[in-house]
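The values are calculated or read from the model by the stated rules, or taken from the named source; none is laboratory data. Keep in mind that this is a model prediction, so the values were computed, not measured. As a convention, Cβ positions derive from the backbone with ideal geometry for all residues, glycine included, and neighbour counts pool all protein chains shown. Side chains included, ligands, DNA and RNA excluded: accessible areas come from the protein's heavy atoms. Shrake-Rupley method; radii C 1.70, N 1.55, O 1.52, S 1.80 Å.
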Amino acid sequence: MGTRVYRIWTATFPLVPPSINGVDVDQSCIDVYARRFDVLNRGLSGYNTEWGLPVFEQCLAKRDDRQAPKIRVLTIWFGANDACIKPSPQHVPIEKFEANIRRMIELVHSPTSPYYSPDTRIVLITAPPINTLKRKADLESRDPPLALDRLFDTTRQYAEVVKTIGEELNLGVVDVWTLLWNGAGQVETGLDKFSGDGLHLNGAGYEVVYDALIKVIAEKYPDVYYENVDFVFPGWKDINFESPNGSLGCQFGRV
């Protein structure tokens, strides 16, 4: 297996939006990192950090596993499900949510972790703002009707926790909450342009996420920005035509 892996971790929403004309964040990352890094989506729809943490650990390679692919960029996107209000089973108290996010980071960046990977660049992504008007209408239209399970200010608090952790640990942060809230003119009904049901992003919402993610990588971690990463294998014009094996062999050993 190759040693260059760009792995995306997201749990709040699927990275492939159901939009024909919108942006598919996952595919957009695959396109720009083609032949440079592999992009892997390990998102789990509906999961909170309490359920995501044990799965997250299983997706990490042990530090002494020399054959395992290296994670070069890791995104962690939780918050919207944790921020559900009681009695939702998805609810995670904000203190526990913070501890779980910190634990995920420690698993990768702590020298005492069996998964220690100091070269992995971590990008935290905040939950987006909830359009409670749309969310309430969507839940009440179901059979049987359901009560509103998320609150605007509560979700904002969980987003702030992610930002605070990122600032404290000097990590890249995609502040989706602020970007979409400002893009909506700081009016809840303005969020309609980014989400059809008040929770899950549409193509326009994912476009904001993708643009912000690439911007954060370029500014915070320029060494893994796609324009600064060489192809694993050379372009065809750069192959030694007389002795191709010399330019095509053993490339997976490079970092």
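Being among the hydroxyl-bearing types (Ser, Thr, Tyr) and in contact (Cβ under 8 Å) with a residue 12 or more places away in the chain is the requirement here; does residue 210 meet it? It is true that residue 210 is among the hydroxyl-bearing types (Ser, Thr, Tyr) and in contact (Cβ under 8 Å) with a residue 12 or more places away in the chain.
If I filter the range 209-230 for residues that are aliphatic (A, V, I, L, M), within 12 Å of residue 180 (Cβ to Cβ) and in contact with a helix residue (DSSP H, G or I) (Cβ under 8 Å, 6 or more places away or on another chain), do I get at least one hit? Within the range 209-230, one or more residues are aliphatic (A, V, I, L, M), within 12 Å of residue 180 (Cβ to Cβ) and in contact with a helix residue (DSSP H, G or I) (Cβ under 8 Å, 6 or more places away or on another chain).
Restricted to the range 50-80, and to residues there that are β-branched (Val, Ile, Thr) and surrounded by 15 or more Cβ atoms within 10 Å (Cβ to Cβ), the residue that is modelled with the lowest pLDDT is 71. Considering only residues in the range 125-151 that are open to solvent by less than 20 Å² (accessible area, probe 1.4 Å) and part of a loop (DSSP other than H, G, I, E, B), the one that is nearest to residue 164 (Cα to Cα) turns out to be 126. For the range 27-49, a residue qualifies if it is part of a helix (DSSP H, G or I), of a type outside the set (A, V, I, L, M, F, W, C) and surrounded by fewer than 19 Cβ atoms within 10 Å (Cβ to Cβ), and the qualifying residues are 27, 31. Restricted to helices (runs of 4 or more DSSP H) entirely inside the range 160-255, those with at least 1 residues that are farther than 21 Å from residue 77 by Cα and open to solvent by less than 40 Å² (accessible area, probe 1.4 Å) are 245-248. Pairing residues of the range 216-229 that are free of Cβ contacts under 8 Å to residues at least 40 places away in the same chain with residues that are open to solvent by less than 60 Å² (accessible area, probe 1.4 Å) and not in a helix (DSSP H, G or I), at Cβ distances under 6 Å and at least 6 apart in sequence or on separate chains, gives 218/225.
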